[in-house]
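Okay, so here's the structure we're looking at.
The values are calculated or read from the model by the stated rules, or taken from the named source; none is laboratory data. Computed from a prediction, not measured in an experiment: that's the story for all the values here. Cβ: placed from backbone, ideal geometry, glycine included. Neighbour counts: every protein chain shown. Only protein heavy atoms, including side chains, enter the accessible area calculation; ligands, DNA and RNA are left aside. Shrake-Rupley method; radii C 1.70, N 1.55, O 1.52, S 1.80 Å.
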Amino acid sequence: MTDWKAAFTATFDAPASEVSARIWAEVYGDEYPAELDTYSFVTRSDLHRIAAEARLEPRGRLADIGCGRGGPGLWVAARTYATLTGVDIAETALASARRRAEAMDVEATDFRVGDFQATGLEDASFEAVMSVDALLFAPDKRRACEEFARILVPGGRLLVTTWDFDGQPVNRPPQVADHRPLLEAAGFDVLSYEETPDWRARQRRTMELSSLHATAISHLDAVVARATTASR
Ligand SMILES: C[S@@+](CC[C@H](N)C(=O)[O-])C[C@H]1O[C@@H](n2cnc3c(N)ncnc32)[C@H](O)[C@@H]1O
């Protein structure tokens with residue numbers, strides 16, 4: 001089984017890939033939130049939807065679990081005037097998220113190491129919890145849903161993007177075909193459960209281009225990194 005903590009720590013230790021960003025921009029066009037250094041398939045429309053559905057008041061408390069480099073959570077916090085707590089297994093991602101918070105001038109933020117199953121956050125301490133393209137890495141989806149419920153205030157809102165899997169992918173933690181029963185068992189009312197328009201075709205195209213340019217991605221990113229270093 002892959003050591004995801006080690007894998008993501010190494011991934012986020014490197015600068016965001018310039019080549020991948022170009023591929024995402026080509027496939028997603030204006031829907032790609034390039035300025036947020038996302039490591040996911042999240043679109044601008046998804047982010048607008050998350051911000052609207054979170055129903056946060058100014059200074060409301062938002063948590064982003066599996067926050068990566070922090071872009072999506074910071075964008076939603078900035079838009080809703082919420083405070084933000086980001087949790088991730090990779091400290092390297094959190095270091096990047098803290099720098100991004102400063103650059104985006106989002107003040108009330110806290111980025112800390114934690115796991116889907118043990119976030120380390122207090123009971124009933126958030127009005128909204130979000131998670132973008134990360135829940136698939138949780139080893140136990142049931143416990144992750146229970147953890148979402150534990151940290152939310154009664155009536156709090158949960159906004160998640162992830163995949164329902166038809167089969168068990170190799171080397172991934174166990175996946176589920178439908179998250180609704182787990183959410184309901186954890187005490188949630190599932191208010192909406194939708195597919196992002198065109199997600200399948202866009203992700204397929206992104207993966208095709210990434211595999212076509214795999215060598216270029218590692219080679220050109222190294223060149224870009226050297227050029228960036230040289231120009232400092
Ligand atoms: C595909 S990335 C998405 C990152 C970010 N949400 C975004 O949209 O850019 C998945 C994230 O989940 C984190 N992750 C993986 N396993 C985790 C776990 N068990 N608990 C918390 N975070 C985890 C990874 O470190 C990574 O940052």
(request) Using only protein heavy atoms and a 1.4 Å probe, report how much of Glu57 is accessible, in Å² to the nearest 10. (result) 130 Å²
(message) Over the chain, what is the relative contact order in percent, taking alpha-carbon pairs closer than 8 angstrom and at least six residues apart?
(response) 20 percent
(request) Using a 10 Å cut-off on Cβ atoms, rank the peptides 4-12, 72-80 from the highest mean neighbour count down. (result) 72-80, 4-12
(request) Rounded to the nearest Å, what's the spacing between the alpha carbon centres of segment 123-146 and segment 40-55? Just the number, please. (result) 16 Å
(message) Angle check, please: helix 4-13 long axis (alpha carbons) against the longest principal axis of the chain (alpha carbons), in degrees 0 to 90, nearest 10.
(response) 50 degrees
(request) Mind pulling the angle between the C-alpha long axis of helix 91-104 and the longest principal axis of the chain? Nearest 10 degrees, somewhere in 0 to 90. (result) 90 degrees
(message) Out of the total accessible area of segment 99-154 (probe 1.4 Å, heavy atoms of protein only), what percent is carbon and sulfur?
(response) 46 percent
(message) Using 0.36 nm times the number of residues separating Arg204 and Phe165, minus their current alpha carbon distance, what extension gain do you get?
(response) 12.5 nm
(request) Please find the FRET efficiency linking Thr92 to Asp189, where r is the Cβ-Cβ separation and R0 is fixed at 35 Å, and quote it to the nearest 0.05. (result) 0.45
(message) Report for segment 4-230 the percent antiparallel among DSSP-assigned beta bridges with both residues inside it, nearest 5.
(response) 5 percent
(request) Give me the angle, in degrees from 0 to 90, between the Cα long axis of helix 18-28 and the longest principal axis of the Cα atoms of the chain, rounded to the nearest 10. (result) 60 degrees
(request) Find how much the distance from Ala34 to Arg180 grows on full extension, using 0.36 nm per residue of separation minus their present alpha carbon separation; answer in nm with one decimal. (result) 49.4 nm
(request) Multiply the residue gap between Met1 and Ala118 by 0.36 nm, knock off their C-alpha separation, and tell me the result in nm, one decimal place. (result) 40.1 nm
(request) Hey, can you find the accessible area per residue of the chain for me, probe 1.4 Å, expressed in square angstrom? (result) 54 Å²
